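The values are calculated or read from the model by the stated rules, or taken from the named source; none is laboratory data. In this text, all values refer to a predicted model and were calculated from it rather than measured experimentally. Note that we place each Cβ from the backbone using ideal geometry, even for glycine, and neighbour counts take in every protein chain shown. Heads up: the accessible areas ignore ligands, DNA and RNA and are worked out on the full protein's heavy atoms, side chains in. Shrake-Rupley method; radii C 1.70, N 1.55, O 1.52, S 1.80 Å.
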Protein chains: 2
Amino acid sequence: MIETPYLLFLGDAPDQLAAKVAQGIKDWRPENAIGQYRMTGCGADVGLTDMTLAEARDAGAKTLVIGVANRGGMISQAWKDVLIEALEMGYDLASGLHNLLRDERDLSSCAQMHGGTLHDVRVPTDAYPIANGKKRSGKRVLAVGTDCSVGKMYTALALDEAMRRKGMKSTFRATGQTGILITGHGVPLDAVIADFMAGAVEYLTPDNDADHWDIIEGQGSLYHVSYSGVTMALIHGGQPDALILCHEPTRKTMRGLPDYTLPSLEQVRDMALPLARIANPACQVIAISINTQHMSDAEADAYLAEVETRLGLPAVDPFRHGAEKLADALHAMT
Amino acid sequence: MIETPYLLFLGDAPDQLAAKVAQGIKDWRPENAIGQYRMTGCGADVGLTDMTLAEARDAGAKTLVIGVANRGGMISQAWKDVLIEALEMGYDLASGLHNLLRDERDLSSCAQMHGGTLHDVRVPTDAYPIANGKKRSGKRVLAVGTDCSVGKMYTALALDEAMRRKGMKSTFRATGQTGILITGHGVPLDAVIADFMAGAVEYLTPDNDADHWDIIEGQGSLYHVSYSGVTMALIHGGQPDALILCHEPTRKTMRGLPDYTLPSLEQVRDMALPLARIANPACQVIAISINTQHMSDAEADAYLAEVETRLGLPAVDPFRHGAEKLADALHAMT
């Protein structure tokens, strides 16, 4: 749907986390990302070659993908000059932000004039039903986190990759704009109307073969007061058979909520599991995924060993060490 | 905003619960409801005089209010003849359903031709922020239920009335179409985009006097897999100081979910309170509200006494016995 390869637009991202869309594309579909475009003062770097619009176009880039999200998910006025220049040079634009490229008059008229396409992957494309809670065939695993941006999508993508390598049947189910930009389909859950959230998750993870796993991308956290309703809809709409707890141990306060400290893995387990069992009484917490990006190898190893002992579950950083342990835990359930 | 008095349209409501919008208006603003309009096969009756469109118009009715909700909240084709005739006779229409009067071509063209107004109270009227979780001044109480349609709105409206009678400062905060139709303002929470749900609740219940109570209308249930995400957003966005548990003891299965049995009051207490304490560590469960409409006086009294003993909290049916006990419990906290 979206023409590749991309030039990833990092804009004026204040920090690395703000560029997680671009980072996700670079990590999971590096063949689609030809370079990165950074504005003055940009605090993010996803490790691709910095390119101008002209350089990237000459290297074959078709689409400028907005790989940065500021708080509230709005298109910044500061980006407009670059976006308009890109359209004038023949790029398409793709974005997962809340306000839409197509609703910006300057962008939509410029796109029309130059024949460019505006892809707003956040816009729900289907009329989702109200959830009916009926048990579906096939199996589902959901990543739930202590916070937003702790590695739930990475965990799901790495798990999907590991399961396919083992010959298991699995499908990554994207529920956010990055996942959708990476895989080309999914449900932009945070843009769905409240009443239809759980139904959208049911729709995304339909009946399947008994030994097929849907790997559902998590969103938010039960402990993140801004987005916990979205997490709740995933837990009930997804009726997961398995939960994987995700955590970033060096994070002190909840993302965007400086007054809130992170819960422990035990707290998330004890909150999420009884809620999940409302929809699927057989649900189990089967593994822990730790984002150790801010730890040394030795620190990461020690922390993972400690977590395994403390919670009695396999613990791994799927980005650092691969997701085989997680895939093994699911394989044992099939 | 909406011209009164109303004629309440019950349409082809399959049962009494499907007419809860009309029932709510009749119970809480009877002076606004001049009569009811029922189609052949209607299984609901809110106890008003049955009137034709002409009779009600002659009696002064200005607006035909759609007081019935079918599953999914859609405008039924079967209602169209009546709605169009009403517009032709000079009525305005008001609706809280998911699909909008204004989006029905036959209704919007007919309204335009005859000068009628189409009020869609479900449409969010403001751009809500993302929740920031900051502690707000003033106090808030939220009704949480074992299921949908167990009396959360009634509890909140009765509590508001009782508190005002006691001279306490209180405001009923509507979060659903009935509440909005009754009070003329509020947030249609189930129509809000997922990411902004909790922020909409924060917006609805802003800073206030230290001794002022917002009485927040509850929605759904943490145990209702179709709508639990909305409930979650109320618990975190509302940052309640007090929770009132609502229950209908004769209900066997969850509304619309025949495979799901109702949780106990203890289960709801034990699930809702730790979640509420994430946003407000001081939150307490302070009382129980029981919908005893399907019980005799003796049965209701015995059940309430048993619940008071079992949970160690005041228990009352606010519709049957008034909400003084609930107001007293809040007064003790101020």
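The figures follow:
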item	result
Identity of the residue in the range B:36-77, at positive phi and modelled with pLDDT of 95 or more, that ends up most open to solvent (accessible area, probe 1.4 Å)	B:G47
Hits in the range A:291-318 (condition: outside any loop (DSSP other than H, G, I, E, B) and crowded, with 18+ Cβ neighbours inside 10 Å)	A:A300, A:Y303, A:L304, A:V307, A:A315, A:V316, A:P318
Members of the range A:190-219 that are within 18 Å of the chain's Cα centre (by Cα), farther than 19 Å from A:M168 by Cβ and open to solvent by less than 10 Å² (accessible area, probe 1.4 Å)	A:V192, A:M197, A:A198, A:A200, A:V201, A:G218
Residue among B:L93, B:L101 that is touching an Asp or Glu at 6+ places or on another chain (Cβ under 6 Å), within 27 Å of B:D58 (Cβ to Cβ), of a type outside the set (D, E, K, R) and buried (at least 21 other Cβ atoms within 10 Å of the Cβ)	B:L101
Top-ranked residue in the range B:230-255 [being more than 8 Å from chain A (Cβ to nearest Cβ) and small (G, A, S); ranked as surrounded by the fewest Cβ atoms within 10 Å (Cβ to Cβ)]	B:A242
Residue identified as more than 21 Å from the chain's Cα centre (by Cα) and farther than 27 Å from A:S170 by Cα among A:S264, A:S226	A:S264
In the range A:185-201, the residues that are within 13 Å of A:Q219 (Cβ to Cβ) and within 7 Å of another protein chain (Cβ to nearest Cβ)	A:L189, A:D190, A:A191, A:V192, A:M197, A:A198
Of all residues making up the range A:256-270, the number that are surrounded by fewer than 18 Cβ atoms within 10 Å (Cβ to Cβ), over 16 Å from B:K134 (Cα atoms) and within 10 Å of chain B (Cβ to nearest Cβ)	2
Total residues in the range B:118-135, condition touching a residue at least 60 places away in the same chain (Cβ under 8 Å), more than 12 Å from chain A (Cβ to nearest Cβ), surrounded by 15 or more Cβ atoms within 10 Å (Cβ to Cβ) and over 30 Å from B:E248 (Cα atoms)	1
Some residue of the range A:151-172 being open to solvent by 10 Å² or more (accessible area, probe 1.4 Å), within 14 Å of another protein chain (Cβ to nearest Cβ) and touching a residue at least 12 places away in the same chain (Cβ under 8 Å)	no
The range A:319-328: number of residues that are in a helix (DSSP H, G or I) and either open to solvent by less than 20 Å² (accessible area, probe 1.4 Å) or at pLDDT below 95 (or both)	5
Subset of the range A:271-290 (residues that are open to solvent by 30 Å² or more (accessible area, probe 1.4 Å), assigned to a loop (DSSP other than H, G, I, E, B) and under 27 Å from A:V225 (Cα atoms))	A:P281
